[in-house]
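What follows is a single structure, written as structure tokens, with notes after it.
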Amino acid sequence: MTRSDLPESKTAAAAIFEAQRLAFAPLAFQVARVLRDTGVLAALCDRQAGMDLVELERQTGLSRYALRVLTEGGLATGLLRQKGNKLVLSKTGFFVENDPMTRANMDFVGDVCFQGSFHLDEAIRAGKPAGLKVFGDWPTIYEGLAELPPQAKKSWFAFDHFYSDTAFPEVLPLVFARKPKALFDIGGNTGRFSEAAVAFDPDVTVTILDLEGQLQVALANAARRGLADRIKGHAINLLDPQATIPKGADAIWMSQFLCCFAEDEVVAILRRAKAAMGPDARLFILDTYWDRQKHDVAKYCLQMSSLYFTVMANGNSRMYHSQDILDCVKTAGLSVTRQTDHLGVSHTLFECRRG
């Protein structure tokens, strides 16, 4: 590149600064995480006038050296500001400490994705979740969820539940508009939607379809809440082409499920769902699509989350553009009768029927 190819100096300076932010991004992430987890951000959050290093040392128990390197990293990343001889929490630092979405995302990246992300290049080339080896020898993360280290498992479910649960209050009236009596919850995970469904409608019974390990967790949760008579289970591995979805559901529910599969697998699953559906049954697909977001921050989070699927989850799926899933629905012989955007944090609901 010659000098004449460069943009004007101010833009070039901003661009190279952003390039350096990327170069140091792993360390910046760790600075933010450690400032949060050692209580530095919380201490400053409680003291709007700021604190000096002596006060922070007394408050956190960290050494002067530790506080110097951490707080200087906080200044560099914009989490902290200098005000005389005191350190003050910035707006960004406030959100890192207090915002539930930021906490869920940071814990998920730190506890689930960070170590494995080193193997992204291998995952891209092999089409397999090469980073998953840091936790165990499973073909996908879903077979190993029950065996993940406790902190990784906690952060995985907190991330999953944060994004799904917020949509349930708005979604349930749409799912139950036709008064289904039998509902299949495919990929039901820990059973949170199934429990919400039976609480919403006292006449519905729910069958959770999932891998054996996850299914047992969901059924145990239902039993502890006295719901064993209304929430049943059917073990199934939908990556097995011979596995069929049983008939008999008035409504089939898939929440944050199809993003866990490659497009050809999505079509195969939807075809089996269609084969199980009666003429009046409905299939509901709830997911987050990066092209249907109100805000750039949501779009950014979804596009970055795709890399988790590549390196940790299965190696071949992603957070989809909505048209990709609509094309899969059509290819499977289903049609969308209703689309509802902006449910919960950022979800879209597709209601589908046969034909």
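Computed from the coordinates by the stated procedures, all read-outs in this text should not be read as laboratory data. Since we're looking at a predicted model, the values are computed, not measured. FYI the Cβ positions are ideal-geometry reconstructions off the backbone, even for glycines, and counts take in every protein chain you see.
Which residue fluctuates most in the GNM of the chain (Cα springs below 10 Å): K83, K299, K181? Answer for the Gaussian network model of the chain: K83. The charge dipole of the chain, taken about its Cα centre with unit charges on the Cβ atoms of Lys, Arg (+1), Asp and Glu (-1) only, comes to about 460 debye.
Would you mind classifying the range 51-90 by shape? Square roots of the alpha carbon gyration tensor eigenvalues, ordered a ≥ b ≥ c; an a/c under 1.5 is rounded, otherwise it is prolate if a/b is larger than b/c and oblate if not. Oblate, because a/c is 1.5 or more while a/b does not exceed b/c. Our helix-only sum for the chain, with -39,500 (n - 2.57) per DSSP H run of n ≥ 4 divided by its residues, gives a mean residue ellipticity at 222 nm of -14000 deg cm²/dmol. Taking every C-alpha pair closer than 8 Å and separated by at least 6 residues, the mean separation divided by the residue count of the chain gives a relative contact order of 14 percent.
Model label sites at N237 and V336, defined 7 Å from Cα along the beta-carbon direction, differ in position by 3.2 nm. When M254, M51, M106, M304 are arranged by Cβ crowding within 10 Å, least crowded first, meaning fewest neighbours, the order is M304, M106, M51, M254. Here the range 3-98 is treated as a sphere whose radius is the Kirkwood value from Cα pairs; by Stokes-Einstein at 4 °C and 1.567 mPa s it diffuses with a coefficient of 91 µm²/s. Highest GNM mean-square fluctuation, the chain, Cα pairs closer than 10 Å: which of L145, L258, L53? It is L53. Identify all lysines with a Cα-Cα distance to K83 below 18 Å; exclude those on the same chain that are fewer than 8 residues away in sequence. Within reach: K91. Among T11, T71, the ranking by other beta carbons within 10 Å of each residue's beta carbon, starting with the fewest, stands as T11, T71.
The mean sequence separation of alpha-carbon pairs under 8 Å and at least six residues apart, normalised by the residue count of the range 230-337, gives a relative contact order of 30 percent.
Among beta bridges from DSSP that stay inside the chain, the antiparallel ones total about 50%. Pairs from the list K128/K181; K247/K330; K133/K299 with a Cα-Cα gap above 32 Å: K128/K181.
Across the range 3-98, Cα pairs under 8 Å and at least six residues apart give a relative contact order of 27 percent. When the chain is modelled as a GNM with alpha-carbon springs shorter than 10 Å, which of K153, K128, K247 fluctuates the most? Result for the chain, Cα springs under 10 Å: K247 fluctuates most.
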